[in-house]
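Heads up: the structure comes next, in C-alpha cells.
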Amino acid sequence: MPHDPTVLPPTEKELREELERLRLLHRISQDFNSSLEMDELLPRVFDTVLTAVGAQGGSIWIAEGEVLRCRVAMGSSSQKLVDTTVPIESGFVGDVVRRQRTTMVTRAMEDPRFDQRIERSSQMVTLTVMATPMVTKGHIVGSIQLVNKVTKDGIFDEQDRELLEGIAELAAVALHNARLHDAEKRANDLAMLLEISREITSTLDIDRVLHTVVNLAARAFTFDRAAIALVDRNRWEIRAVAGEETVKPDAPELKRLAERGAWAADQAATIYLADIENPGGAAGSVFFNIYEPELREEGLSSVLYLPLRDDQGLLGALLMESRSPNLVTPSQLEQGQILANQTSVALRNAQLYHLVPLADTWGIFAARKQRFLALPRRRKLLYIGGGLLLLAAFTLIRWPLRVAGDSATFRAGHLTEVRAPVPGMITRVMVREGNNVNRGQQLVQLRDPSLEADREARVADVLGADREAVRAAANGDAAEEQIQRARLGGLEQELRILDQQVAALSVRAPSSGVVLTARPEELEGRGIRSGDPLITIGRTDTVTLEFGVEQRDIERIQTGQTTRLRIAALPGRTFEGRVVSLGLLPMDSGPNVQFPVRVDVANPGEELRPGMAADVRVLTQPASLATRVFRGPSRWLRLFWWRIRP
C-alpha cells in the first residue's frame with residue numbers, strides 16, 4: 001500500500017496516551033467482570049465513568065422492553081438510586097439509544113433548547129451533555145449520560161467521546177451478563193419456593209408443617225435464627241425453631257421473640273428492619289423504638305417478621321433474625337412474602353383437618369354395656385383382667401419395625417470419574433482394572449501435537465519480544481521498549497497457560513481408590529475431547545447400598561438407623577450398615593412412588609462387589625403390635641376422608 005505523505009505518523013506522546021487508554025479500559029473490564037450482581041454493578045459502572053471521563057454528574061438508563069429506566073443518577077453533590085422511565089421512542093436519552101451513536105450537546109443561556117453546536121465560550125455555556133448507548137451483540141442494554149466536564153471549561157471533546165464509548169462497550173457486556181444472572185437466579189429461587197410449597201402441603205400435621213417451613217427456609221435465606229409463632233385465643237407461642245427438633249416455648253428468649261412477633265403481626269404488614277443503626281420506614285422506626293434494648297442485648301442487627309394471615313384471620317408470624325445487617329435483598333423479601341402466604345394456606349388446611357368432629361361412638365356400645373353389667377361379678381372381673389392383659393400386650397410391647405427396600409444394589413463408595421482435562425490422543429494407560437491407585441498417581445498419558453507446537457512457537461515469541469525490548473532499550477527508544485515489554489508480558493502469560501495445558505496431558509488420580517473401569521488399556525490410541533470420561537475410581541473397603549422405599553414408609557427412616565441385608569452369593573451371612581442419606585426426589589414417577597435410601601456397609605474383606613443385588617431391611621423406630629396392625633387401615637381411612645370431604 002503506497003504511503004500517504006499527508007498522514008503523519010503518531011507521535012510518541014500519542015502512542016503513550018493510546019497505551020494508557022488501553023490499559024485503563026483493561027483495568028475497567030476486569031473490575032466490571034468481577035461481579036454479576038446488578039445492584040452492585042450499576043454504582044460501580046457509574047463511579048468508573050464519572051472518574052474516567054471527569055464529569056460532574058449524569059445518569060445510567062437501562063432498557064426494559066420499550067422503555068428506558070433510570071437506575072442511578074447523580075447531580076453536583078450526591079448520588080442516589082432512582083426509578084424513572086421514559087419511552088425509547090421519545091426524549092433525548094431514547095433518541096441516543098435509537099440512533100446508537102454518541103451525542104454531545106450544549107445548552108446555552110440564550111437558547112432554552114438543546115443545540116447540536118458545542119459553544120466554547122464559558123459565558124454562553126450553562127450545561128453540556130454527552131450520551132452514548134450501551135449495545136452488545138445487537139442487544140440494547142441501555143444508555144450512559146454525562147453532564148458537564150470538570151475541566152476544559154466544562155466541554156467534552158473527542159477523547160472523552162472515545163473513552164466513554166469504550167467504557168460503554170465494556171459496561172454493556174457486564175450489565176447484560178448481570179441481567180442473565182439475575183434471571184437465572186430468580187428462576188432458581190422460584191423453583192426452590194415451589195419445592196418448599198410441595199413439602200409443606202404434603203402433610204396435614206401442624207408441627208411437621210411448622211418445622212418443615214423454618215428448616216427449608218434456610219435454603220433461601222441466611223439468618224441466625226428463624227421461628228414460627230402461632231396465636232391461639234390471643235396467646236402467642238413459639239411452636240418451631242430452625243435446627244431444633246424440640247422447642248421450649250417458656251424459655252425467656254423465645255417468649256421475648258413471641259412478643260415481638262405478636263406486635264409485628266398486629267401491624268398487618270411485613271416488618272423489615274435492615275439495620276438497627278439506620279432504621280427506615282414508619283413501622284420499622286416504631287418497632288425499633290419499642291424493642292431497641294432487646295435487640296441490642298441479643299446482638300441482633302436485622303430482623304424480618306412476616307405475618308401469617310388469610311381471609312379467615314390471623315394465624316401467626318414467620319420470624320427471621322440476624323446478627324448482621326441487611327438480612328434479605330429486595331428479591332428475597334418478595335420470596336419471604338410468598339413463603340408466608342404458602343405457610344398460611346398449609347396451616348389453615350391442617351387446622352381444619354384436626355377440627356373435623358368425631359362421630360358419636362357411644363351409642364353402638366350401649367347394648368353391650370347393659371349385657372356386660374348383667375354378668376356375675378367374678379366373670380366380669382375375669383373379662384376385665386383378660387382384656388387389660390391383651391391391651392397391654394397389644395400396645396406396650398414394642399420392637400423395631402422393619403421396612404423393606406426394593407431394587408437394592410451395591411456401588412463403590414466415594415465414586416470418582418476421571419475425565420480428560422484437555423483434548424488429545426491417549427498414548428499410554430498406566431493402570432489396569434482392579435489396581436489400587438494413590439492420589440496424584442499418573443493414570444493416563446495424552447499427546448496433543450498442536451498444543452506442543454503452540455508452546456514451542458510461544459517460547460520463540462517470548463524470546464523474540466525480549467530481544468526487541470533489549471534492542472529498544474539499547475537504542476534509547478523508551479516507547480518501543482514499553483510496547484515490547486507489554487507484548488512480552490502477554491506472551492509470557494500465554495506461555496504459562498500453555499505450560500499448564502501441557503502438564504494436564506498427564507492425567508492423574510484425584511483421589512485414592514480402586515480402578516473400576518473394565519479393560520482401560522483398550523483406550524490407548526484413541527482421540528478424546530476435553531471432558532470425555534477416561535477411568536472410574538472408587539473405594540471398595542466401604543460400599544454404598546442404594547435401594548428404594550415406598551413413600552408411605554419413608555417418614556419412618558432416619559439417618560443412623562441400622563440396616564440388615566443378605567446377598568445371594570453368601571446366603572448364610574447377614575451384613576449390617578447404617579443409613580447415611582435419604583433422597584429428596586423420587587426414583588420414579590409411577591403409581592408406586594419410591595424414594596432412594598443410601599446405606600454405607602463396611603467391606604473389609606471386599607466380599608461385597610459393586611453391582612451385586614441384596615435383600616435389605618431397615619430397623620426403624622420400635623412399634624407395638626397395634627401400630628403394625630392399624631397403621632395401614634388408618635392411613636387408608638385418612639386419605640379416604642380427605643378425598644370425600646368438601
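Summary of computed values
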quantity	calculated
Some residue of the range 518-527 being over 30 Å from the mean Cα position of the chain (by Cα), over 22 Å from Asp454 (Cβ atoms) and aliphatic (A, V, I, L, M)	yes
Options Asp157, Asp224; residue that is surrounded by fewer than 20 Cβ atoms within 10 Å (Cβ to Cβ) and over 30 Å from Val72 (Cα atoms)	Asp224
Some residue of the range 447-470 being charged (D, E, K, R) and closer than 30 Å to Thr562 by Cβ	no
Helices (runs of 4 or more DSSP H) completely within the range 319-412 that count 2 or more residues being open to solvent by 90 Å² or more (accessible area, probe 1.4 Å) and modelled with pLDDT of 80 or more	377-395
Residue among Val431, Val418, Val422 that is assigned to a loop (DSSP other than H, G, I, E, B), in contact with a Leu (Cβ under 7 Å, 6 or more places away or on another chain) and closer than 23 Å to Gly538 by Cβ	Val431
Qualifying residue in the range 292-310 (condition: open to solvent by 40 Å² or more (accessible area, probe 1.4 Å), more than 19 Å from Arg225 (Cα to Cα) and in contact with a strand residue (DSSP E or B) (Cβ under 9 Å, 6 or more places away or on another chain))	yes
When residues of the range 629-639 are limited to those that are loosely packed, with under 12 Cβ neighbours inside 10 Å and either under 39 Å from the mean Cα position of the chain (by Cα) or among the charged types (D, E, K, R) (or both), the one farthest from Arg402 (Cα to Cα)	Leu639
Residue list for the range 434-463, restricted to those being assigned to a helix (DSSP H, G or I), within 26 Å of Ala509 (Cβ to Cβ), open to solvent by 60 Å² or more (accessible area, probe 1.4 Å) and not charged (D, E, K, R)	Pro449
Unmet requirement for Ala268, which otherwise passes all of (1) closer than 18 Å to Leu327 by Cα; (2) open to solvent by 50 Å² or more (accessible area, probe 1.4 Å); (3) at pLDDT below 85	(1)
The range 173-198, residues that are among the aliphatic types (A, V, I, L, M) and over 17 Å from Pro43 (Cβ atoms)	Val173, Leu180, Ala183, Ala187, Leu190, Ala191, Met192, Leu193, Leu194, Ile196
Unmet requirement for Val105, which otherwise passes all of (1) surrounded by fewer than 19 Cβ atoms within 10 Å (Cβ to Cβ); (2) modelled with pLDDT of 75 or more; (3) among the hydrophobic types (A, V, I, L, M, F, W, C)	(2)
Evaluation of Phe575 against (1) part of a strand (DSSP E or B); (2) open to solvent by 60 Å² or more (accessible area, probe 1.4 Å); (3) free of Cβ contacts under 8 Å to residues at least 40 places away in the same chain; (4) not β-branched (Val, Ile, Thr) (one fails), failing number	(2)
Scope the range 292-305; condition assigned to a helix (DSSP H, G or I) and within 10 Å of Ile276 (Cα to Cα); matching residues	Glu292, Leu295, Arg296
Single residue of the range 469-503 satisfying the filter (surrounded by fewer than 17 Cβ atoms within 10 Å (Cβ to Cβ) and among the charged types (D, E, K, R)) that is farthest from Gly424 (Cα to Cα)	Asp477
Cβ-Cβ under 7 Å pairs, at least 6 apart or on other chains, the range 188-217 side under 19 Å from Ala317 (Cβ atoms), far side assigned to a loop (DSSP other than H, G, I, E, B) and modelled with pLDDT under 80	Val209/Thr203
Options Arg609, Arg617, Arg598; residue that is touching a Leu at 6+ places or on another chain (Cβ under 9 Å), basic (Lys, Arg), surrounded by 11 or more Cβ atoms within 10 Å (Cβ to Cβ) and in contact (Cβ under 8 Å) with a residue 60 or more places away in the chain	Arg617
Ala258 vs. criteria assigned to a helix (DSSP H, G or I), more than 25 Å from Ile554 (Cβ to Cβ) and either of a type outside the set (Ser, Thr, Tyr) or more than 19 Å from the chain's Cα centre (by Cα) (or both)	yes
Residue in the range 145-164 that is nearest to Ile60 (Cα to Cα), counting only those that are polar (S, T, N, Q) and part of a strand (DSSP E or B)	Gln145
Residues (within 30 Å of Gly464 (Cα to Cα) and either touching a Phe, Trp or Tyr at 6+ places or on another chain (Cβ under 8 Å) or among the aliphatic types (A, V, I, L, M) (or both)) located in the range 485-542	Ala486, Leu488, Leu491, Leu495, Ile497, Leu498, Val502, Ala503, Ala504, Leu505
Strands (runs of 3 or more DSSP E) contained in the range 464-564 and holding at least 2 residues hydrophobic (A, V, I, L, M, F, W, C)	513-515, 533-550
Output for the range 191-233, where each listed residue is over 18 Å from the mean Cα position of the chain (by Cα), among the hydrophobic types (A, V, I, L, M, F, W, C), farther than 22 Å from Arg256 by Cα and not in a helix (DSSP H, G or I)	Leu204
Given (1) under 31 Å from the mean Cα position of the chain (by Cα); (2) in a loop (DSSP other than H, G, I, E, B), index of the condition Arg609 fails	(1)
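A quick yes/no check of all residues on (1) more than 29 Å from the chain's Cα centre (by Cα); (2) under 30 Å from Leu463 (Cα atoms); (3) without any contact (Cβ under 8 Å) to a residue 12 or more places away in the chain:
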residue: Leu491; (1), (2), (3): yes, yes, no
residue: Glu494; (1), (2), (3): yes, yes, no
residue: Gln501; (1), (2), (3): yes, yes, no
residue: Ser506; (1), (2), (3): yes, yes, no
residue: Val515; (1), (2), (3): yes, no, no
residue: Arg529; (1), (2), (3): yes, no, no
residue: Glu555; (1), (2), (3): no, no, yes
residue: Gln561; (1), (2), (3): yes, no, no
residue: Ala569; (1), (2), (3): yes, no, no
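The values are calculated or read from the model by the stated rules, or taken from the named source; none is laboratory data. The model shown is predicted, which means the values in this text are computed figures rather than measured ones. Please note: Cβ atoms are built from the backbone with ideal geometry, for glycine as well, and neighbour counts cover all protein chains shown. Ligands, DNA and RNA are excluded from the accessible area calculation, which covers all protein heavy atoms including side chains. Shrake-Rupley method; radii C 1.70, N 1.55, O 1.52, S 1.80 Å.
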